[in-house]
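The block underneath contains the structure these notes are about, expressed in structure tokens.
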Amino acid sequence: MAEPTRIVIADDQGRVRMGYRLILDAQPDMQVVGEAVDGADALRLVHRHRPDLVIADIRMPPPDGLELTQILTGPEFGAAVRVIVVTTFEVDEYVHAALRNGASGFLLKRSGPTLLIEAVRAAMSGDTLISPQVTVRLLEQLRGPAVRRGSAVPLTRREEEVASLVARGLSNGDIAAELFISTGTVKTHVASIQRKVGAANRVGIAAWAWESGQVQRSS
């Protein structure tokens, strides 16, 4: 079996760190190797344990999550450490700054355990996962009339349904429940959609769906 993903959790709230550890250590492919109370502590733990991934809170004593991301994805570490940024606050500037600084994911703390696990696995596979609540709001701004539904990419009817639900921010489990299909089938459809529309990840699918008119703007 492959070695588990080694994770450091950096958050100044003990209950948050404990919650994340319980979720992540319960996964057979993940192992929490350290908990940091601030950015400086996180850097010490990274040097000591050489983890694969750091989960970093934006608002913690310096360096904060955004600064820590920039350091860990910079030349000193050679992009060997992936970072998922977490926050309580839905601030679009945080998302842009986190992704500019090299983050491999952006989650709201209320996203739940399933999305946290998906974000870690996505980051380790080279993908980027952003909390659906944030994704939908950002992508609605992209929607334009230039591309008409069904005119650019030949998706099946089921793939159109899945793409629309991805753009609405639903997880694979939520989509499976909505369409009465298995989670594995949803993953297959998502992979097919990514290939057809040339999307690198779920965010790319959602952007395509909004821009093409696959999803109507929420009122």
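The values are calculated or read from the model by the stated rules, or taken from the named source; none is laboratory data. On a predicted model such as this, the values are computed, not experimentally measured, just so you know. All Cβ positions, glycine included, derive from the backbone under ideal geometry; neighbour counts span all protein chains shown. Just the protein is used for accessible areas: all its heavy atoms, side chains included, with ligands, DNA and RNA removed. Shrake-Rupley method; radii C 1.70, N 1.55, O 1.52, S 1.80 Å.
Consider the range 45-74. How many of its residues are open to solvent by less than 40 Å² (accessible area, probe 1.4 Å) and of a type in the set (D, E, K, R)?
The qualifying residues number 1.
Taking the residues in the range 169-210 that are of a type in the set (D, E, K, R) and surrounded by fewer than 19 Cβ atoms within 10 Å (Cβ to Cβ) as candidates, determine which candidate is farthest from L115 (Cα to Cα).
First, pick out the residues of the range 169-210 that are of a type in the set (D, E, K, R): 174, 178, 187, 195-196, 202.
Pick out the ones that are also surrounded by fewer than 19 Cβ atoms within 10 Å (Cβ to Cβ) and you get 174, 178, 187, 195-196.
Values: D174: 11, E178: 17, K187: 14, R195: 23, K196: 25 Å.
My answer is K196.
Let's see how each residue does on (1) modelled with pLDDT of 75 or more; (2) over 17 Å from the mean Cα position of the chain (by Cα):
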residue: V120; (1), (2): yes, no
residue: D127; (1), (2): yes, no
residue: V147; (1), (2): no, yes
residue: A152; (1), (2): no, yes
residue: R158; (1), (2): yes, yes
residue: E161; (1), (2): yes, yes
residue: A177; (1), (2): yes, yes
residue: I181; (1), (2): yes, yes
residue: K187; (1), (2): yes, no
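Report yes if S104 is touching a strand residue (DSSP E or B) at 6+ places or on another chain (Cβ under 6 Å), surrounded by 20 or more Cβ atoms within 10 Å (Cβ to Cβ) and at pLDDT below 90, otherwise no. Give the derivation first.
Working: touching a strand residue (DSSP E or B) at 6+ places or on another chain (Cβ under 6 Å): yes; surrounded by 20 or more Cβ atoms within 10 Å (Cβ to Cβ): yes; at pLDDT below 90: yes.
Yes: the conditions hold for S104.
Kindly indicate whether any position in the range 15-26 is touching a residue at least 12 places away in the same chain (Cβ under 8 Å) and part of a loop (DSSP other than H, G, I, E, B). Let's see the steps before the verdict.
Step one: of the range 15-26, the residues touching a residue at least 12 places away in the same chain (Cβ under 8 Å) are 16-17, 20-21, 23-24.
Among the residues that remain, those that are also part of a loop (DSSP other than H, G, I, E, B) are: none.
Taking every residue of the range 15-26 in turn, none turns out to be touching a residue at least 12 places away in the same chain (Cβ under 8 Å) and part of a loop (DSSP other than H, G, I, E, B).
The rows are residues; the columns are (1) of a type in the set (D, E); (2) out of contact with any Lys or Arg (no Cβ under 6 Å at 6 or more places or on another chain).
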residue	(1), (2)
I9	no, no
R17	no, yes
R44	no, yes
D57	yes, yes
E76	yes, yes
E93	yes, yes
R100	no, yes
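Within the set of pairs 6+ apart or on separate chains, which have a first residue in the range 176-200 that is free of Cβ contacts under 8 Å to residues at least 24 places away in the same chain and β-branched (V, I, T), a second that is open to solvent by less than 30 Å² (accessible area, probe 1.4 Å) and in a helix (DSSP H, G or I), and C-beta atoms under 7 Å apart?
What qualifies is T183/N172; T183/A176.
Pairs only if they're at least six apart or on different chains, beta carbon under 7 angstrom, first in the range 85-105 and closer than 11 Å to E67 by Cα, second open to solvent by less than 10 Å² (accessible area, probe 1.4 Å) and in a helix (DSSP H, G or I); list them, first residue then second.
Pairs that qualify, where the first residue is closer than 11 Å to E67 by Cα and the partner is open to solvent by less than 10 Å² (accessible area, probe 1.4 Å) and in a helix (DSSP H, G or I), are V85/G65; V85/T69; V85/A98; A98/T69; N101/T69; G102/T69; A103/T69.
Of the numbered conditions (1) surrounded by 15 or more Cβ atoms within 10 Å (Cβ to Cβ); (2) over 15 Å from M124 (Cα atoms), R82 satisfies every one except a single condition; which is it?
Answer for R82: the failing condition is (2).
Looking at the range 26-47, which of its residues are over 14 Å from L72 (Cβ atoms) and more than 19 Å from the chain's Cα centre (by Cα)? Walk me through how you get there before you give the answer.
Step one: filter the range 26-47 for residues over 14 Å from L72 (Cβ atoms), giving 26-33, 35, 37-38.
A26, P28, V33, E35, V37, D38, listed by residue number.
Residue by residue through the range 85-101, note down the ones that are under 16 Å from Y20 (Cβ atoms) and loosely packed, with under 14 Cβ neighbours inside 10 Å. Explain how you work it out, then say what you get.
Residues of the range 85-101 under 16 Å from Y20 (Cβ atoms): 85-88.
Hit for the range 85-101 is T88, nothing else.
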